[in-house]
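Computed from the coordinates by the stated procedures, all read-outs in this text should not be read as laboratory data. Keep in mind the model is a prediction, meaning the values are calculated, not measured. As a convention, Cβ positions derive from the backbone with ideal geometry for all residues, glycine included, and neighbour counts pool all protein chains shown.
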Amino acid sequence: MRKLSEASISLALTVNCCHLIVYTMTDSDFSHLLDSYLEPDADPHPMAGNVQVMWERNSLNMGSRHIWEKHRVTEEEVEQVILEVPPYVDIKDHPVLVNRTMFWGATRLDRWIFVVCEEWQESGLMYLRPLTAFEPEEGVDYWESFQ
């Protein structure tokens, strides 16, 4: 049996009026292709240019540690909803708490999460401190309950 080299090889076959093309590639080329498929680049949200995310990482009551330990949502997922252009995102002011912004949106892997951030402005920048984030069992009905 002859072993194929690491070089790319293409083979075209015609079987019953159909074409079959087979490509070979190196392991690193395949890994790169797979990674780009599983986590495609996302465009930044047009409104996110002047937004800074400020993480609280040591509190069990709010921020990154709270969000991960209580709800198993990562910082990366929260930032995808806040800063990127997912298939769908909606933003509302909190109906009761001043300086709180709520986000409902999808991550790159289509995980729908609800995010609440503390919001303030300083020197022309908007700052968002994620307080909590989770996947509500009620799904979009949870989001729509906030009027």
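Observations
- Total formal charge among the other residues, if their Cβ is under 15 angstrom from that of residue 57, Lys/Arg +1 and Asp/Glu -1: -3
- Whether region 46-144 is rounded, prolate or oblate, judged on the alpha carbon gyration tensor where a/c under 1.5 counts as rounded: rounded
- In sequence order, calculated HN-Hα J values of region 125-133 (Karplus, 6.51, -1.76, 1.60; Hz; x Gly/Pro): 10, 9, 10, 10, 10, x, 9, 8, 7
- Note on residue 51 and residue 122: the model spin-label points, each 7 Å out from Cα along the C-beta direction, lie 1.9 nm apart.
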